[in-house]
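Read through the structure below, which is laid out as structure tokens, and then see the notes.
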Amino acid sequence: MENIIFCGGCGTFISATEISAGKASKINNIYYCQKCSTGTQPAPARPAAGPGSKIIPPRPAAPRPVGPAPAAPARPVAGPAPIKRPAPQPTVAMPVKQPAPGAVPARPAGPVQAQKPLAARPVVPQPPKGAIPRTPAPVSSAHLDETVPINPQPAGRVGPAAKPAPQKIQKTVPPQPPVKTSQTSRLRPVPVRESPEDMNDEGLEEASRRFGKAKSGKGGIKKIYLIAGAAVVVLIVVIAIIVSMSNAAKQKAKEEHEAKLNKYYKEVVETEKDFADNPQKVIDKIKEHRAALKGTDYEKKLDAMEQNAKALVEIIDKIKELEKPVDTLEDVEKRLKDISAARSNPAVSENKTVDGKLKGLLTDFTKQKKKLAEEERKAKEAQEAAEKKAYEDFKAKIDKLREQKDWKTMLRECDILLGRPNGLQYQEEADKIKEEAKAEMEDQQEKAKKRKEWQVLNDDITKWERSGDSKSEIYVDDDKIMLKNTSSSSNRGAVTIISNDNEKEGWKDFTMTLEFKVLGGSLKMFLRGGYQAYNIPGLGTINLFGGIQIPFPRKFKDEWQKYTIELKGKKLTISGTGLAEPKTTDVQEGTGGIGINLEGGDNIIIKELKVKVTE
């Protein structure tokens, strides 16, 4: 079976025809294609270490043995005439860019080279014992990134070995840590870069081969990066377009939703404007859209509008009550306070319709208040005038009742006065009058108690009746009854009859006390008396008052006389002034009144006349 040979530089397949035609070169038992052997491949560029990649430190250069460098054996190669390679010129040592500590340098990408048997591997010469390793010449930092051009080895036959350079003693390079081999070159060591003065022909060929391979690998990586980058860009663009379309759809949906919510809110606002006097419609419209506007920025506004609408509903109901008319000043003042409280509500200040109604009511009730206040002032003045007149009338009545000794009526008039409006201002004076009337009434009641036993006839003059054709007079003077006949003729008499409570029958049995004084004339008194018809010659029949005549013991003098007369059945007993003992007389039985006969010129004062009924 024919062995498969790959290029040690770029890893391309090399056929036997190419080897026989001289299109491939063999260096250190490694075949290189024509491009790699002629140096037309670009030097491989060491890729920059990516984030997280490991940096493989460069493999230490093998120390060269002290002494002349061995000449490379000539290799017969078919092709053009051999060209004599010029001796290498001393150049500046190639700067090697040191990787960051801990970083693994990426190896150049390139075709995978088939592994060769261990026997075919190049042997790195080891320095003899005791040799002093050489230290490469120092390189300034200005040339770290510069690439040292290396003259590629032309294809063809290798010329004679160069003249060995004079032996120089160089310091050995301190040992470097081993370099990790790549996965494709585990069985083959990576050549170590050397300085130009330490690099022989084979080193130049190796460097050219390595740089060419790196160039080819870098181109492939660039293509892969470009394709991957383009794919990523396309993917990003597609994703951006999709996201943009999705965001646009979301934004459109959001705008439509916001427009819908704004429409609902505007409907509530329009309802509030159109139905300013009917806030219940606003509440209904808010309930209609509350579920849709819940959780949005409009919810708080709806709550405030609903609260105002509910307050307006209560105020409108209150207005209906306030519109009812009232008559008193107290009720009007209460309405004014209620209207002011309603207008102070923030919901009313924002509603011109409701505020206008309240303002109109405030104006009407203010006018009514002024009118009622004026009427009340006039009424008060009239009342004060009436009270003044009533008090004056009261005083006049009291004076008259005091003269009449009508104490009971006086008490009643005091109560009437105090019961009038503002009558309590006369409380002190009325109390004094009432005390006076009560005292007099008690005394009168005491006298009335005595009259139950003794009827005092001079207390009530209405029981005295005058009869006859004479001009007699009966009147009371200082609690005394005055009986007087002004006629000058003694034949013209006058009779005063005292009846028992105006009863015509008069008394039957009784005891009478009489105290009197005769100022002129005489006194004739009859008991159980009455009018009787008498036939008088020359005069005819005349009705004359007659009865039991009291026999007074003597002719009266100008002094007070007092007698007690008892009439019981047929027996009449008289005692008193001028009598040492009672005088008894038999009389007829019957009933009748008490009569006093006054002849012309008689003038009598009766101080006391009282009767006690014994039957």
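The values are calculated or read from the model by the stated rules, or taken from the named source; none is laboratory data. Being a predicted model, the structure only gives us computed values, none of them experimental. We place every Cβ from the backbone using ideal geometry, glycine too, and count neighbours over all the protein chains shown. Accessible surface is based on the protein model in full, side chains and every heavy atom, while ligands, DNA and RNA are left aside. Shrake-Rupley method; radii C 1.70, N 1.55, O 1.52, S 1.80 Å.
Quick notes on this one:
- The residue that is least open to solvent (accessible area, probe 1.4 Å), among those in region 403-419 that are out of contact with any Phe, Trp or Tyr (no Cβ under 9 Å at 6 or more places or on another chain) and in contact (Cβ under 8 Å) with a residue 24 or more places away in the chain, is MET410.
- Filtering region 420-439 to residues that are within 60 Å of the chain's Cα centre (by Cα) and surrounded by fewer than 14 Cβ atoms within 10 Å (Cβ to Cβ) leaves PRO421, ASN422, LEU424, GLN425, GLN427, GLU428, ASP431.
- Restricting region 578-592 to residues that are at pLDDT 90 or above, over 18 Å from PHE545 (Cβ atoms) and of a type outside the set (D, E, K, R), the residue that is least open to solvent (accessible area, probe 1.4 Å): THR585
- Residues (part of a loop (DSSP other than H, G, I, E, B), in contact (Cβ under 8 Å) with a residue 40 or more places away in the chain and either open to solvent by less than 70 Å² (accessible area, probe 1.4 Å) or among the basic types (Lys, Arg) (or both)) located in region 557-577: GLY569
- Restricting region 461-493 to residues that are at pLDDT below 75 and not polar (S, T, N, Q), the residue that is surrounded by the fewest Cβ atoms within 10 Å (Cβ to Cβ): ASP469
- Of all residues in region 306-322, those that are more than 17 Å from the chain's Cα centre (by Cα) and among the charged types (D, E, K, R) total 4.
- The condition of being among the small types (Gly, Ala, Ser), part of a strand (DSSP E or B), at pLDDT 85 or above and open to solvent by less than 30 Å² (accessible area, probe 1.4 Å) holds for only one of GLY595, GLY530, that being GLY595.
- When LYS300, LYS318, LYS324, LYS294 are checked against the criterion of being in contact (Cβ under 8 Å) with a residue 12 or more places away in the chain and open to solvent by 60 Å² or more (accessible area, probe 1.4 Å), LYS318 stands alone in meeting it.
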